[in-house]
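Data first, discussion second: the structure below is written as structure tokens.
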2 protein chains.
Amino acid sequence: MPKLDICFSPELLPLYDLRGQVAVIVDILRASSTIVTALGEGVTHVFPVATLEECAEYGQRHGCLTAAERDGIQADGVDLGNSPFGFLDAARPVRGRSLTISTTNGTTALRRSLTAKAVVVGAFLNLEAVADFARQQGRDVVVVCAGWKGQFCLEDTVFGGALAERLAPDFDVRSSDATLAALHLWQQGKTDLSAYLLQSAHVRRLNSLEASEDFEFCLRIDAYADILPIWRDDRLITLLP
Amino acid sequence: MPKLDICFSPELLPLYDLRGQVAVIVDILRASSTIVTALGEGVTHVFPVATLEECAEYGQRHGCLTAAERDGIQADGVDLGNSPFGFLDAARPVRGRSLTISTTNGTTALRRSLTAKAVVVGAFLNLEAVADFARQQGRDVVVVCAGWKGQFCLEDTVFGGALAERLAPDFDVRSSDATLAALHLWQQGKTDLSAYLLQSAHVRRLNSLEASEDFEFCLRIDAYADILPIWRDDRLITLLP
């Protein structure tokens, strides 16, 4: 039976051997939710980058939409902020465009996970797509929480617990204490996920930036249940169902 | 109001600035529980060391009792294993002796925390002693979980949650997601701590070594409620109440 493990911070990745495994990169607020939304709304592929400079460079080189924020607001000189709603604006259709998005925590988590056999992006929005993929692969899975500047984040962890619950019939979710803890936290919070996560430091930080609409959107479980962002060569594309 | 934060692994310590803070080193199974028991039974001071070689060297140089285990059993050439019961054996009184103990995870956590203003050792056995000390100091506190080879450990985390509950009236225990998660796990597990922690990978590992008596002993909350091991120069001593 394959195992599901959870790595609470990219700083702990050296302790995990990802070779032959599936890595699920999670940054619920908001990079992974925004990437799933973008691909769900017809963006063809995504280049996640760490810095604003790379973002501008990719934008010019590949002619793609650019998305970035600094201190919670859209950065200067880019097309979009990091809000999923940027990809839901009928006035600026994104279908058929490519995208580069600057996300510090998410990009770090992703780049450090590239030794894995497969690297996918997970969010509550595409929980079932991730679970499906894991079942099909039948390999060990490690959920890599992007965290907040390397620190433990409640919302990424609770996502790991939600995935563990879905995979429990087919995966060993009891051999890692991190997975057990995430499962407990998810089971405690799932009946009112929004209220539960409102305690989180990161959520309060985000809400103080008047991004509470984003927060509620990011918790819509399976809103894009067949969108699976997967790493190919140098970009995230989506596997069509 | 001072803050209580929890560091889930010594590998994450570079993210914390311990200067001016109180560091509480926790390795419930079994190093911190054993050290509290040793000092509670009259051992004068403890040198925690990482390797068997250091253990032997300290034993010779300081004439102290030596304690170490490898693969769950007492190592060759030392006086005691890592079980707290080694210090409760009337046939071999320990009062007035000094001790050196080899503990890999615990020693790593302790050595990496020495920039803190005060470094103390916490266990369920001396929970109230730790809480008292924290209240007296009125400084920010970081619980440093020794973990298991750098990985997240349920029992150390749950101890952090128990401490957070006791300190909640006087400390900010809601500004760190790690503390929030630990508090939730403790509140979920506390009514039957033994059953709750029996799920933990480390506990199952320990119990398979027929150390289940040790496990139950390590969960005896406040059995040594006035024993506070604190780092002074090169050793742990106990502050008398």
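The values are calculated or read from the model by the stated rules, or taken from the named source; none is laboratory data. From a predicted model like this one, the values you see are computed outputs, not experimental measurements. Cβ sites come from the backbone with ideal geometry, for glycine too, and all protein chains shown count toward neighbours.
Observations
- Residue-level check: of (1) part of a loop (DSSP other than H, G, I, E, B); (2) buried (at least 24 other Cβ atoms within 10 Å of the Cβ), B:R174 misses just (2).
- Answer residue from the range A:17-57, given it is surrounded by fewer than 19 Cβ atoms within 10 Å (Cβ to Cβ) and of a type in the set (S, T, Y) and is farthest from the other protein chains (Cβ to nearest Cβ) among those: A:T44
- Residue check for A:A164: within 14 Å of chain B (Cβ to nearest Cβ), surrounded by fewer than 19 Cβ atoms within 10 Å (Cβ to Cβ) and closer than 16 Å to A:W186 by Cβ: no
- Exactly one residue out of A:L114, A:L127 is hydrophobic (A, V, I, L, M, F, W, C), touching an Asp or Glu at 6+ places or on another chain (Cβ under 9 Å) and away from chain B (no Cβ under 14 Å): that is A:L127.
Per-residue answers, yes or no, for (1) within 17 Å of the chain's Cα centre (by Cα); (2) touching a residue at least 24 places away in the same chain (Cβ under 8 Å); (3) closer than 21 Å to B:L12 by Cβ:
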position	(1), (2), (3)
B:L114	yes, yes, yes
B:A131	yes, yes, no
B:V143	yes, yes, yes
B:G147	yes, yes, yes
B:G160	yes, yes, yes
B:D177	no, no, yes
B:H184	no, no, yes
B:R204	no, no, no
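- Just one of the numbered conditions (1) assigned to a loop (DSSP other than H, G, I, E, B); (2) buried (at least 17 other Cβ atoms within 10 Å of the Cβ); (3) out of contact with any helix residue (DSSP H, G or I) (no Cβ under 7 Å at 6 or more places or on another chain) is not true of B:M1: (2).
- Failed criterion for A:A91 (all others in (1) surrounded by 19 or more Cβ atoms within 10 Å (Cβ to Cβ); (2) closer than 29 Å to A:D71 by Cα; (3) more than 11 Å from chain B (Cβ to nearest Cβ) hold): (1)
- Only one of the numbered conditions (1) more than 9 Å from chain A (Cβ to nearest Cβ); (2) touching a helix residue (DSSP H, G or I) at 6+ places or on another chain (Cβ under 9 Å) is not met by B:L154, and that is (1).
- Within the range A:31-47, the set of residues being in a loop (DSSP other than H, G, I, E, B) and in contact with a strand residue (DSSP E or B) (Cβ under 9 Å, 6 or more places away or on another chain) comprises A:V43, A:T44, A:H45.
- Within the range A:72-88, the set of residues being in contact (Cβ under 8 Å) with a residue 60 or more places away in the chain, surrounded by fewer than 23 Cβ atoms within 10 Å (Cβ to Cβ) and not β-branched (V, I, T) comprises A:G72, A:S83, A:F85.
- Extreme residue, surrounded by the fewest Cβ atoms within 10 Å (Cβ to Cβ), among residues of the range B:198-215 that are in a helix (DSSP H, G or I) and at the interface with chain A (Cβ under 10 Å from one of its Cβ atoms): B:R204
- Leading residue by the ranking (farthest from A:T157 (Cα to Cα)) among those in the range A:48-67 that are in contact with a strand residue (DSSP E or B) (Cβ under 6 Å, 6 or more places away or on another chain) and among the aliphatic types (A, V, I, L, M): A:L65
- For B:G40: the one exception among (1) more than 29 Å from B:L198 (Cα to Cα); (2) touching a residue at least 40 places away in the same chain (Cβ under 8 Å): (1)
Rundown of residues vs (1) out of contact with any helix residue (DSSP H, G or I) (no Cβ under 6 Å at 6 or more places or on another chain); (2) more than 11 Å from chain B (Cβ to nearest Cβ); (3) buried (at least 17 other Cβ atoms within 10 Å of the Cβ), yes/no style:
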position	(1), (2), (3)
A:V121	no, yes, yes
A:V143	no, yes, yes
A:K149	yes, no, no
A:A168	yes, yes, no
A:S194	yes, yes, no
A:F217	no, yes, yes
A:D234	yes, yes, no
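- Every residue from the range A:50-99 that is among the polar types (S, T, N, Q) and in a helix (DSSP H, G or I): A:Q60
- Counting only residues that are at pLDDT 95 or above, of a type in the set (G, A, S) and over 19 Å from the mean Cα position of the chain (by Cα), the range B:162-175 holds 1 of them.
- Residue within the range A:123-135 that is of a type in the set (V, I, T) and not in a helix (DSSP H, G or I) present: no
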